[in-house]
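Enquirer: Okay, handing you the structure first.
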Amino acid sequence: MKRILLLLLVVPLLAGACGDDTTTEDTPDPPATTLPAGTKDDPFGVGDLAAAAGKSAVWIRGYVAGAEADAKAAVRSVGSDTPSRSNILLASKANEYRPDKCIRVELPDESDVQARLNVVDHPDLIGKKVLLRADIVAANGSVRIANVTEQEGGKEPVENPDPEPDPDPEPDPDVPTPPVTGDVELDKLYGYAEGTTGGAGATEANIHHFDDGKKFGEWLYLREKNKTMTPAIVWLSGTFHKDDGYRSGKPWFDIKRTGNLTINGTNDFLMENVGFFINESSNIIIRNIYIKMPKADDGADGISMQESNNVWVDHCTFESINQTKDYEDGSCDVTHQTYNVTVSWCHFIKTQKSCLVGHSNSQTADTKITVTFHHNFFDLSSSRHPRVRFGRAHVYNNYFNQVTTYGVGSAYGAMVLVEDNCFEGVKLPTDICTYPAKPSGSSWVSNLTGSVAGYLYERGNVFNNIPADITSPYPFTNVEYKAYNGAKLATPYTYEDFKPAYNYIVDDAERLAEIIPSAAGVGKLTGYATAPKEVDNGGISGGGTTPDPDPGTDPDPTPGGSDLGNGWTLLSNGTTPATAVCNGGQLTLTACGKFESGTQSFGFVYREVTGDFVATAQVDSFSALKETNQALAGLLVTPDVTTASGGDFIHAMAARSLTGFYYSNRSEAAGKGNKGALGAPDATTEGAKPIVRLVRAGDKFSVSYSLDGGATFGAEKSVTISGLPEDGKLLLGLAANSGDSKKASEAVFSNVKINGQAVAFE
């Protein structure tokens, strides 16, 4: 049976996430001033039905757009193969895809009307015009069509609606209805990611088909472990779930420290509540993947990119499974200096925070980011399409359908070119982060707040069905001011300042409402209905365990901990795992163990640093089991976490206990561990949270603490550590334990700064 495209039921959208979203309401179309007569010669159209509610035995015309999967369904989904015979959806145009533009038609059970009009028996009815005689029923603020007694334009009844399957059926075509295209080729890479080849050239031995998510995760881990760059192509089928993710159970698959990889999904493949994390990788292609958005556990995204380059995300679908403010994180995010990225022909369905570009206000290194968004379908989504900090983004030929908060946002010096897009019913197509965010007496409201202007140049865009309550100016652009109505640039920016270095062509923006819904998302490419090879799960055997090609000779990988994002890693040193939760600028670290003179056990959230530094961190709270200098929470630096469990753990630490403040250090492997009280600062401020400080100057490490918000510190305690790594790299972070090997304590940290620069946890 041909695939039946079912339309989404409109549900109220909750807007807003992370302080850059506000709630908006759609403005309904006004009713027609003159209604048709409702006769066969002058029938009602779909747009007339709200005003004609309550009329009986009248004629109605429209086009069949699909059907609900269930007669009582509250939610419909795109691509289901299980429509009901009990109903059809009627629209005012043949290629309608928007659920809010459709009316439900009840088909009487076991009637001649049902036999002629249901799309189960007659899938080719979709897009065809029909004429119905029926009642227009109002209920719960909407209308539907019921009691159909006559029809014209249907099909002859199928004598046996559920026949025995044909033993030799004709194969369905890969794409039953060819998508509408323009001048931009559907299957070609454009934009900043040009030159990305993924797994092109992979040998047969490096082409795999996975239907087991755990084994796919193991295969990716082996590539990470071995830093494999051998070209590979993988096909995915079936459904992958949250617990299939990375070995630690995180809700993502790590594509880490690898490259030259293509990941393709078959048309029926689904990733539910799990995503991809592309980290320190290059030359990656991801195509035809359907992701039902992951819950924001550990900051999980649908697809997240950090410290990577040359990534192409194409013809993927991102669907929100629970559009509440912070249920999900980003759909497709590009952060931490990732460059040469193209996101094309993707369908974003009701997503909350769609595409973040540039991690945070302090991540100035994200000026390196370059990303292209073209021919994407932002469908009833909320914000970030994209939201850009520092980097360069080219946003062209995208279709924004009833975006609820804002379309494209530019902040913190970002350079964003927005051209030849179509904005359908969008109140705030573009937004700019300026200071002040809401000037006194202005009529406009920005959703993006901050102290540094974002730059945005728009041209050639089409704005349809503009809501009556638009902000002014419409749309926002900034090519002249450093701040809104503030200081001016010496020379205003022009198109040439925003234009990317690559050559590109654009489709006519007037045609995007036709082209993009037809061609964006999963299932629109030829050759993806099935995988070209049988399932082999990458040769991973058993229940998803890592194969050992040479048992007894290949040691376990060096313990390094689990990645928390934004450069932070969690190490659980001891028999009981530590946990780390990042929320609202705070890190909550829960851990067991003791800082003894010999062995150590603790939780450690760390990041890599080089050279001399001054690090500070605020200790918001610490709940140890008892007062002891073996239960500590504070800043710690070490050259090597692999020695943490033994007595050769080299480190320097500034920390607090329940009632006091201590230093802890070991200057050489297997040397004596030292610990003692830190000198109290001269000044204190009532209610101020303690701040611990750790300073490196060559081989010398000094620790101290403050009780007045960091204005004054007590006397330093110093230690000299020789033989440090020649590359100058150390591991700096926040450590805590409980003073007990089994019972955990909880430490809460915030306001971490390195050389005066705030470092966010997420």
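Enquirer: If you go through segment 343-361 one residue at a time, do you hit one that is surrounded by fewer than 24 Cβ atoms within 10 Å (Cβ to Cβ), modelled with pLDDT of 90 or more and not hydrophobic (A, V, I, L, M, F, W, C)?
Expert: Taking every residue of segment 343-361 in turn, none turns out to be surrounded by fewer than 24 Cβ atoms within 10 Å (Cβ to Cβ), modelled with pLDDT of 90 or more and not hydrophobic (A, V, I, L, M, F, W, C).
Enquirer: Here's a follow-up. Let me spell it out: the conditions are (1) at pLDDT 85 or above; (2) over 18 Å from Ala578 (Cα atoms); (3) touching a Phe, Trp or Tyr at 6+ places or on another chain (Cβ under 8 Å), and Glu746 meets all of them except one. Which number is the exception?
Expert: (2)
Enquirer: In segment 332-342, which residues are crowded, with 24+ Cβ neighbours inside 10 Å and either in contact with a helix residue (DSSP H, G or I) (Cβ under 7 Å, 6 or more places away or on another chain) or over 14 Å from Ile286 (Cβ atoms) (or both)?
Expert: Thr335
Enquirer: Just checking: which of the strands (runs of 3 or more DSSP E) contained wholly in segment 193-288 hold 3 or more residues that are within 18 Å of the chain's Cα centre (by Cα)?
Expert: Because the criterion is at least 3 residues that are within 18 Å of the chain's Cα centre (by Cα), the strands (runs of 3 or more DSSP E) in segment 193-288 that meet it are 252-256, 270-272, 275-279, 282-287.
Enquirer: Scan segment 631-644 and give yes if some residue there is more than 17 Å from Leu730 (Cα to Cα), modelled with pLDDT under 85 and among the polar types (S, T, N, Q), otherwise no.
Expert: No - not one qualifying residue is present in segment 631-644.
Enquirer: Output the qualifying pairs, or none if there are none: Cβ atoms under 7 angstrom, residues six or more apart or on different chains, first residue in segment 385-406 and in the same structural domain as Asp329 (by TED's automatic domain parsing) and part of a loop (DSSP other than H, G, I, E, B), second residue modelled with pLDDT of 95 or more and among the hydroxyl-bearing types (Ser, Thr, Tyr).
Expert: Filtered contacts from segment 385-406: Gly391/Thr370.
For every residue, the table says whether it meets (1) touching a helix residue (DSSP H, G or I) at 6+ places or on another chain (Cβ under 8 Å); (2) of a type outside the set (A, V, I, L, M); (3) crowded, with 23+ Cβ neighbours inside 10 Å; (4) within 30 Å of Pro179 (Cα to Cα).
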residue: Ile207; (1), (2), (3), (4): no, no, no, yes
residue: Phe216; (1), (2), (3), (4): yes, yes, yes, no
residue: Leu220; (1), (2), (3), (4): no, no, yes, no
residue: Thr230; (1), (2), (3), (4): yes, yes, no, no
residue: Asn267; (1), (2), (3), (4): no, yes, no, yes
residue: Ile284; (1), (2), (3), (4): no, no, yes, yes
residue: Gly302; (1), (2), (3), (4): no, yes, yes, yes
residue: His315; (1), (2), (3), (4): no, yes, yes, yes
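Conditions (1) at pLDDT 80 or above; (2) buried (at least 17 other Cβ atoms within 10 Å of the Cβ); (3) under 41 Å from the mean Cα position of the chain (by Cα), marked per residue:
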| residue | (1), (2), (3) |
| --- | --- |
| Asp29 | no, no, yes |
| Leu35 | yes, no, no |
| Asp48 | yes, yes, yes |
| Ala74 | no, no, yes |
| Pro83 | no, yes, yes |
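Enquirer: Right, another one. In the set Ala736, Ala715, Ala697, which member is surrounded by fewer than 14 Cβ atoms within 10 Å (Cβ to Cβ) and within 15 Å of Phe661 (Cα to Cα)?
Expert: Ala715
Enquirer: Restricting segment 503-539 to residues that are of a type in the set (Lys, Arg) and part of a loop (DSSP other than H, G, I, E, B), which is surrounded by the most Cβ atoms within 10 Å (Cβ to Cβ)?
Expert: Lys524
Enquirer: Suppose the filter is assigned to a strand (DSSP E or B), out of contact with any Asp or Glu (no Cβ under 8 Å at 6 or more places or on another chain) and polar (S, T, N, Q); does Thr367 pass it?
Expert: Judged against the criteria, Thr367 is not a match.
The values are calculated or read from the model by the stated rules, or taken from the named source; none is laboratory data. It should be emphasised that the depicted structure is a prediction, and the values quoted were computed from it without experimental measurement. We place every Cβ from the backbone using ideal geometry, glycine too, and count neighbours over all the protein chains shown.
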